[in-house]
Amino acid sequence: MNKYFIALAFIFFTSYSQAQELEPTDDDALLKVSVINMENKPLGGEKVSFVSEKTKKVYGGTTDTNGKFELLVPKGCTYDVRYKQFTTDTSYKKYTLPATTDLLTASFVLRVQLPKTFTLRNVFFETGKATLTMESDKELNELAEFMHYQKTMVIEVAGYTDNVGNDSDNQKLSQARADAVKSYLIKKGVAANKMEAKGYGSSNPVAPNDTPAGKQQNRRTEIHILKP
């Protein structure tokens, strides 16, 4: 069989695992995945997965320090390419490998740009307290896993409240809640020097405080990237 190379480049936002010594087979293509930032610098610890539309099987990995990993994926399939953005698994686009009888090697280049601010949608506290509820565990565990792969990233855990109560109490509560999230992440193995915790009280609302829904949106925990 002939062996040929297809070069494919896509702009995309975040990724998945380790480089291996692999070779294409009659059934599977060798997919070489690279992740770079907007300045074309390689990014390690980025996760990407390829979900087969045919079988729903997931193929993926995490980039090494050179921003690369390789994997074998079946030919003749269309894949939903997904990437990890902090705690959110996001679908980016479809990608099809041809059903060729030749040995196939393909390159997939991802250009990643994380948002500077990310809201944790499923982090909750007991009313008026800085005690995390059990419903918060899943999202915080995913954030801890994400931070495990980010070797240089430093984040700020930012706590916010609604406008109920006085400013001083809201400031103290928001700080205590940010500290609680940081402490949880430390217990899950995230280095303390990779995080700062800061309470912002009721400042910087993202919705009007004149409805229950608006107040709920303003009672939030955000992640701010201090260092990529």
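The values are calculated or read from the model by the stated rules, or taken from the named source; none is laboratory data. Since this is a predicted model, take the numbers as computed values, not measurements. Here the Cβ positions follow ideal geometry from the backbone for every residue, glycine too, while neighbour counts run over all protein chains shown. The accessibility values were calculated without ligands, DNA or RNA, using every heavy atom of the protein model including side chains. Shrake-Rupley method; radii C 1.70, N 1.55, O 1.52, S 1.80 Å.
Here is how the numbers come out for the structure above:
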quantity	calculated
Criterion: under 15 Å from the mean Cα position of the chain (by Cα), part of a loop (DSSP other than H, G, I, E, B) and within 29 Å of Glu139 (Cβ to Cβ) - qualifying residue of Gly44, Gly60	Gly44
Failed item, numbered, when Val58 is tested on (1) open to solvent by less than 10 Å² (accessible area, probe 1.4 Å); (2) aliphatic (A, V, I, L, M); (3) at pLDDT 90 or above	(1)
Positions within the stretch 28-52 being of a type in the set (D, E, K, R) and at pLDDT 95 or above, in sequence order	Asp28, Lys32
Contacts under 6 angstrom Cβ, first residue in the stretch 202-217 being closer than 16 Å to Phe125 by Cβ, partner among the β-branched types (Val, Ile, Thr), 6 or more apart	Ser202/Thr161; Gln217/Val206
Extreme residue, surrounded by the most Cβ atoms within 10 Å (Cβ to Cβ), among residues of the stretch 175-220 that are among the aliphatic types (A, V, I, L, M) and more than 24 Å from the chain's Cα centre (by Cα)	Ala176
The stretch 86-107, residues that are assigned to a strand (DSSP E or B) and over 16 Å from Ser52 (Cα atoms)	Thr88, Leu103, Leu104, Thr105, Ala106, Ser107
First in the stretch 137-158 and touching a residue at least 40 places away in the same chain (Cβ under 8 Å) and among the charged types (D, E, K, R), second anywhere and assigned to a helix (DSSP H, G or I) and crowded, with 17+ Cβ neighbours inside 10 Å, Cβ under 9 Å, 6 or more apart	Glu156/Ala178
Residues being closer than 26 Å to Lys227 by Cα and open to solvent by 20 Å² or more (accessible area, probe 1.4 Å) - total across the stretch 125-155	10
